[in-house]
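*Asks:* I'd like to ask you about the structure that follows.
The values are calculated or read from the model by the stated rules, or taken from the named source; none is laboratory data. As the structure is a computational prediction, the values presented were derived from the model and not from experiment. Cβ sites come from the backbone with ideal geometry, for glycine too, and all protein chains shown count toward neighbours.
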Amino acid sequence: MTVPIPNQRIFSGVQPTGNLHLGNYLGAIRNWARLQDEYECIYCMVDLHAITMPQDPVELRASTREVAASLLAAGIDPADSIVFNQSQVPAHAELAWIFNCVARLGWLNRMTQFKEKAGKDRDNASAGLYTYPALMAADIMVYKATHVPVGEDQKQHLELTRDVAQSFNSQFGVECFPLVEPLIYGEATRVMSLRDGNSKMSKSEKSEMSRINLTDDADTIARKIRKARTDAEPLPGDPEGLEGRPEALNLLGIYASLDDAPVADTCQHFAGAQFSAFKEALTELAVAKLAPVTGEMNRLRADPGHVDEVLRQGAERAAALAEPIIREVQDIVGFLRP
């Protein structure tokens with residue numbers, strides 16, 4: 001049986017490691033919610049990816065629920081989009097093994113994320129961390145997704161997904177998998193640390209003051225923005241004046257993204273202002289935009305049974321999509337299915 005390639009199907013996943021922050025929201029989750037009007041969307045907590053690094057089982061389960069709650073609170077509708085955790089659809093792991101037998105060592109050796117995560121002690125890194133990109137390709141292709149919303153730092157993995165899909169099609173003389181296309185967003189997709197404008201905002205950063213968490217209340221947001229690193233110069237009237245000023249660029253980019261406006265418009269609006277006045281405006285905007293998300297997150301976190309039911313139903317729907325595709329792959333590869 002040949003499963004047709006969909007026209008407009010999105011897959012994207014997020015690590016269930018908790019503490020989602022403003023960078024996750026502006027760079028990904030908010031955009032995912034907006035894509036529901038144009039695409040068939042599949043959104044996944046990638047817990048199989050998470051265990052490529054050591055995880056506490058209790059914390060992993062809790063983080064999976066929390067991240068799922070974050071997606072729902074940001075506007076992802078489980079009645080419209082499919083929301084589930086990866087481990088509940090075994091087809092991901094089965095296709096990943098098949099793709100491990102298609103991918104080439106040279107391709108995996110070029111993956112910069114493995115080098116970054118493994119560090120100097122690569123011999124002690126897990127095999128799963130090394131073959132992570134093959135699982136990522138399987139996540140996408142097990143649904144024959146046509147598009148993936150990605151940041152610039154994920155383009156390399158998507159290119160490998162295309163290589164694997166093309167290699168599979170060529171090896172078996174079929175047109176089974178599409179060559180997935182990236183959806184890359186514009187301004188403020190890379191939100192930087194509030195303490196260092198040259199480093200990406202990250203939940204692994206030791207200082208809580210470096211990021212705005214989606215669970216932060218209004219007072220915490222105000223304190224973090226007030227103490228965010230800046231420079232001594234007033235704000236410029238155009239983006240060219242931000243060159244060499246990473247902290248100013250970051251804060252203006254955050255404002256522009258929250259305001260759904262170009263950075264150029266934000267610069268013009270605050271031209272000549274001191275950071276003290278700008279930070280007050282940024283705090284007001286951030287609280288207004290994030291408070292509804294935080295409130296809904298808190299409500300969902302207090303009702304874990306509801307979140308679990310969303311994930312269960314999502315996994316059923318995802319498995320129903322994946323089953324005919326994995327059967328098609330089994331037939332192509334030559335697996336005997338009595």
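*Asks:* Pull up segment 243-282, narrow it to residues that are under 22 Å from Gly75 (Cα atoms) and hydroxyl-bearing (Ser, Thr, Tyr), then point me to the one that is modelled with the highest pLDDT.
*Replies:* Result: Tyr255.
*Asks:* Identify, please: which residue in segment 6-18 is within 13 Å of the chain's Cα centre (by Cα) and surrounded by fewer than 23 Cβ atoms within 10 Å (Cβ to Cβ) and is, among those, farthest from Asp217 (Cα to Cα)? Can you show your working first?
*Replies:* Within segment 6-18, the subset within 13 Å of the chain's Cα centre (by Cα) is 10-18.
Subset that is surrounded by fewer than 23 Cβ atoms within 10 Å (Cβ to Cβ): 13-15, 17-18.
Values: Gly13: 26, Val14: 23, Gln15: 23, Thr17: 20, Gly18: 17 Å.
Looking at residues that are within 13 Å of the chain's Cα centre (by Cα) and surrounded by fewer than 23 Cβ atoms within 10 Å (Cβ to Cβ), I get Gly13.
*Asks:* Give the residue that is surrounded by the most Cβ atoms within 10 Å (Cβ to Cβ), with candidates limited to residues of segment 71-96 that are in a helix (DSSP H, G or I) and in contact with a Lys or Arg (Cβ under 9 Å, 6 or more places away or on another chain). Write out each step before concluding.
*Replies:* Step one: list which residues in segment 71-96 are in a helix (DSSP H, G or I), which gives 71-73, 86-88, 91-96.
Filter once more, keeping what is in contact with a Lys or Arg (Cβ under 9 Å, 6 or more places away or on another chain): 73, 88.
Values: Ala73: 23, Gln88: 17.
Per the stated criteria, the residue is Ala73.
*Asks:* Related question: Can you tell me which residue in segment 57-70 is surrounded by the most Cβ atoms within 10 Å (Cβ to Cβ), limited to those that are touching a Lys or Arg at 6+ places or on another chain (Cβ under 8 Å) and not acidic (Asp, Glu)? Before the answer, list the steps.
*Replies:* Filtering segment 57-70 for residues touching a Lys or Arg at 6+ places or on another chain (Cβ under 8 Å) gives 65-66, 69.
Right, trim to not acidic (Asp, Glu) and you get 65, 69.
On the way: Arg65: 22, Ala69: 25.
Checked segment 57-70; the qualifying residue surrounded by the most Cβ atoms within 10 Å (Cβ to Cβ) is Ala69.
*Asks:* Show me the helices (runs of 4 or more DSSP H) found entirely inside segment 219-338 where at least 3 residues are hydroxyl-bearing (Ser, Thr, Tyr).
*Replies:* Because the criterion is at least 3 residues that are hydroxyl-bearing (Ser, Thr, Tyr), the helices (runs of 4 or more DSSP H) in segment 219-338 that meet it are 275-301.
*Asks:* What's the total number of residues in segment 164-189 that are part of a loop (DSSP other than H, G, I, E, B) and surrounded by fewer than 16 Cβ atoms within 10 Å (Cβ to Cβ)?
*Replies:* Matching residues across segment 164-189 total 5.
*Asks:* Follow-up. Need the failing condition index for Val333 against (1) in contact with a Phe, Trp or Tyr (Cβ under 9 Å, 6 or more places away or on another chain); (2) under 17 Å from Ser87 (Cα atoms), just the number.
*Replies:* Looking at each condition in turn, Val333 falls short on (2).
*Asks:* Here is a further query. If you go through segment 196-216 one residue at a time, do you hit one that is touching a residue at least 24 places away in the same chain (Cβ under 8 Å), part of a helix (DSSP H, G or I) and surrounded by 21 or more Cβ atoms within 10 Å (Cβ to Cβ)?
*Replies:* Checking segment 196-216: not a single residue is touching a residue at least 24 places away in the same chain (Cβ under 8 Å), part of a helix (DSSP H, G or I) and surrounded by 21 or more Cβ atoms within 10 Å (Cβ to Cβ).
*Asks:* Given the conditions (1) of a type in the set (Asp, Glu); (2) over 22 Å from Glu181 (Cα atoms); (3) in contact (Cβ under 8 Å) with a residue 24 or more places away in the chain, report the number of the one that Asp56 does not fulfil.
*Replies:* (3)
*Asks:* Would you mind telling me which numbered condition in (1) assigned to a loop (DSSP other than H, G, I, E, B); (2) over 17 Å from Met297 (Cα atoms) Gly18 fails?
*Replies:* Condition (2) is where Gly18 drops out.
*Asks:* Still on this structure: Hey, Leu26 hits all of (1) crowded, with 22+ Cβ neighbours inside 10 Å; (2) modelled with pLDDT under 95; (3) touching a Phe, Trp or Tyr at 6+ places or on another chain (Cβ under 6 Å) but one; which does it fall short on?
*Replies:* Here Leu26 clears every test but (3).
*Asks:* For residues that are out of contact with any Lys or Arg (no Cβ under 8 Å at 6 or more places or on another chain) and without any contact (Cβ under 8 Å) to a residue 24 or more places away in the chain, tally how many sit in segment 217-244.
*Replies:* 7
*Asks:* Give segment 97-149 a look and list any residue that's small (Gly, Ala, Ser) and either part of a helix (DSSP H, G or I) or at pLDDT 90 or above (or both), or say none.
*Replies:* Our first condition is that a residue be small (Gly, Ala, Ser); within segment 97-149, this holds for 103, 106, 118-119, 125-128, 134, 137-138, 145.
Those that are small (Gly, Ala, Ser) and either part of a helix (DSSP H, G or I) or at pLDDT 90 or above (or both): Ala103, Gly106, Ala118, Ala127, Gly128, Ala134, Ala137, Ala138, Ala145.
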